[in-house]
Amino acid sequence: MKRTSVFDCTLITLDKHHHDNGNLSVVEGDATLPFPIRRVYYLYDVPGGESRGGHAHKELYQLIVAVSGSFDVTLDDGFVKRTFSLNRSYQGLLVVPGIWRELNNFSSGSVCLVLASLIYDESDYIRNYNDFLVYKNV
Ligand code: TYD
């Protein structure tokens, strides 16, 4: 997954069921996503001004959803950076492997839900930016 670009990453609009008593959005496995969901985790109570991420993955696909509040996700393929402001509970950002990501500008009380294609594996991470550039042949 060395050759992926930020343009392989895209916003996906999820099914939204709007009712007077509230909204409901659905992610229905392969029908919604181009990967099987093997893991779900979420970030919350992120202190103001803090950032998360700061790494890339070699094989992992993710869908990142601001289920509550808002935050920014900056993607970087070694050549191009794209920043997405996530603030809709019915939108997810598909992040393909081989992309450096930084998450910041978390609003108070925001929750970042991540659907992931693989179980947690530290060896799938690239945590050093120079190592990432070498990996991408930049
Ligand atoms: P990390 O992925 O670096 O967090 P972020 O990208 O949000 O900044 O993970 C932070 C810590 O949590 C790290 O020590 C590993 C641990 N962790 C797990 O044990 N399992 C998981 O599924 C994830 C995502 C992280």
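The values are calculated or read from the model by the stated rules, or taken from the named source; none is laboratory data. The model shown is predicted, which means the values in this text are computed figures rather than measured ones. Don't worry about glycine lacking a Cβ; one is built from the backbone with ideal geometry, like all the others, and counts go over all protein chains shown.
Specify which of the listed residues (P47, P97) is at pLDDT 95 or above and loosely packed, with under 13 Cβ neighbours inside 10 Å.
It is P47.
Residue check, K2 against (1) at pLDDT below 95; (2) within 13 Å of the ligand (Cβ to nearest atom), all met but one. Which one?
(2)
Do we have V80 as within 11 Å of the ligand (Cβ to nearest atom), out of contact with any strand residue (DSSP E or B) (no Cβ under 6 Å at 6 or more places or on another chain) and among the aliphatic types (A, V, I, L, M) here?
So V80 fails the test.
Within region 124-138, track down each residue that is within 12 Å of the ligand (Cβ to nearest atom) and out of contact with any Asp or Glu (no Cβ under 7 Å at 6 or more places or on another chain).
Hits for region 124-138 are Y125, I126, R127.
If I filter region 82-118 down to residues being in a loop (DSSP other than H, G, I, E, B) and among the small types (G, A, S), which single residue comes out as nearest to L11 (Cα to Cα)?
Selected residue: S89.
So, in region 30-60, exactly how many residues are touching a Ser or Thr at 6+ places or on another chain (Cβ under 8 Å), within 12 Å of the ligand (Cβ to nearest atom) and under 14 Å from S110 (Cβ atoms)?
Residues in region 30-60 being touching a Ser or Thr at 6+ places or on another chain (Cβ under 8 Å), within 12 Å of the ligand (Cβ to nearest atom) and under 14 Å from S110 (Cβ atoms): 2 in total.
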